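Visitor: Here's a structure for you.
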Amino acid sequence: MQRLIPTGEAARPVAFAETPQPVPAPAEVLIKVEAFAPNRGETFLLEQPRPELLPGKDIAGLVVQAAADGSGPGIGTRVVGHPAQGGWAEYAAVPTHSLAVLPDSVDSARAAALPLAGITALRLLSTAGSPAGRRVLLTGASGGVGHYVAELAVGAGAELTAVTATPARGARLSELGADVVHEVAAARGPFDVVLESTGGPDLAIALSKVRPGGTLVWFGQASRTPVCLDFFQLLGGPERVTIQHFHYAGAPYGSDLAALVRLVEQGRLHPEIDRVADWGKTAETLVDLRERRIRGKAVLLTGGTR
């Protein structure tokens, strides 16, 4: 079968290769992949790829081999899945605990855009607590996670301020009901909760905008610049602020995926997909994703010609 594998080259980070079809473990199904969605964090792993790296964590497709242990959906079921790796291929083995069945109303492209970013948004908001009636600041808001967080938080009653680099990258967030600014310093606090994903100097600025007793949840470092906090500057800022580290990972993911699919089916969550292309365009898409030329998500389809 055909699979995309890392090349280590910045201009063309993946290439097609002929590889054996994966053999599922007893509690895994084999999926014929119809669509997959790369994440910006995966583009960083491709810069100096580990020898065993098989990229791909967000997929949707059709079950062609059921799990040997009897768990999970049967052959012919449309599903969305979140495997640990290996999704950028014609076939992928996925644990049954990290799948959700798709209704006819949710197509594979939208489904593939859900897993990592959507699970992160759900778990991030759960960590931060109910957004209803709270003032929330979200940095680095124009990616996949940001759009999901914005729609879910505003829908739950938050007063959300979102930080994006440009007006174009913030356009959809404004439509979702967020107040969009283009520098963290321009956000008008104080905020009950800050969801910070850019790192570098932005975290310290965002921290200064938390109300006394409020919370900053740190869930990313998209700038790739380390954070430096000055204790003595903190003394002059809000008192008793909690800084909490967050990372989404931790299987099982099935219940999260089912919740996301249900929200999409009910019209309460709308994946922001900036690009849908044949998977022959994956290398170019990864470069554009890495360089922040894609707003929200990109989805690659395996059914076309390469």
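The values are calculated or read from the model by the stated rules, or taken from the named source; none is laboratory data. Please read all numbers here as calculations on a predicted model, not as lab measurements. We place every Cβ from the backbone using ideal geometry, glycine too, and count neighbours over all the protein chains shown.
Visitor: Do any helices (runs of 4 or more DSSP H) lying entirely in segment 104-181 carry at least 1 residues that are buried (at least 24 other Cβ atoms within 10 Å of the Cβ) and of a type in the set (Phe, Trp, Tyr), and which ones are they? Show your work before the answer.
Guide: Values: elements: 108-112, 115-128, 144-155, 167-175.
Once the helices (runs of 4 or more DSSP H) in segment 104-181 are filtered for at least 1 residues that are buried (at least 24 other Cβ atoms within 10 Å of the Cβ) and of a type in the set (Phe, Trp, Tyr), what remains is 144-155.
Visitor: If you don't mind, there's one more thing I want to ask. Of LYS32, LYS57, which residue is crowded, with 19+ Cβ neighbours inside 10 Å and either of a type outside the set (A, V, I, L, M, F, W, C) or assigned to a loop (DSSP other than H, G, I, E, B) (or both)?
Guide: None of the other options fit; the residue is LYS57.
Visitor: Against the definition (within 17 Å of GLY146 (Cα to Cα), modelled with pLDDT of 95 or more and within 22 Å of the chain's Cα centre (by Cα)), how does LYS297 come out, yes or no? Break it down stepwise before answering.
Guide: On the way: within 17 Å of GLY146 (Cα to Cα): yes; modelled with pLDDT of 95 or more: yes; within 22 Å of the chain's Cα centre (by Cα): yes.
The answer is yes for LYS297.
Visitor: Continuing with this model, one more query. Tell me, yes or no, whether segment 196-214 has at least one residue that is of a type in the set (Asp, Glu), out of contact with any strand residue (DSSP E or B) (no Cβ under 8 Å at 6 or more places or on another chain) and outside the structural domain of LEU102 (by TED's automatic domain parsing).
Guide: Checked against the condition, which is being of a type in the set (Asp, Glu), out of contact with any strand residue (DSSP E or B) (no Cβ under 8 Å at 6 or more places or on another chain) and outside the structural domain of LEU102 (by TED's automatic domain parsing), segment 196-214 yields no hits at all.
Visitor: Take the conditions hydroxyl-bearing (Ser, Thr, Tyr), farther than 23 Å from ASP256 by Cβ and in contact with a strand residue (DSSP E or B) (Cβ under 8 Å, 6 or more places away or on another chain) and apply them to THR7. Does it pass?
Guide: Judged against the criteria, THR7 is a match.
Visitor: Which helices (runs of 4 or more DSSP H) does segment 193-306 wholly contain that include 3 or more residues that are free of Cβ contacts under 8 Å to residues at least 60 places away in the same chain and loosely packed, with under 13 Cβ neighbours inside 10 Å?
Guide: Working: elements: 201-207, 231-235, 254-265, 282-290.
Counting at least 3 such residues, we get 231-235.
Visitor: Can I ask one more? Kindly establish whether VAL29 is in contact with a helix residue (DSSP H, G or I) (Cβ under 7 Å, 6 or more places away or on another chain) and under 20 Å from TRP279 (Cα atoms). I'd like the intermediate steps shown before the answer.
Guide: Numbers: in contact with a helix residue (DSSP H, G or I) (Cβ under 7 Å, 6 or more places away or on another chain): yes; under 20 Å from TRP279 (Cα atoms): no.
No, not satisfied.
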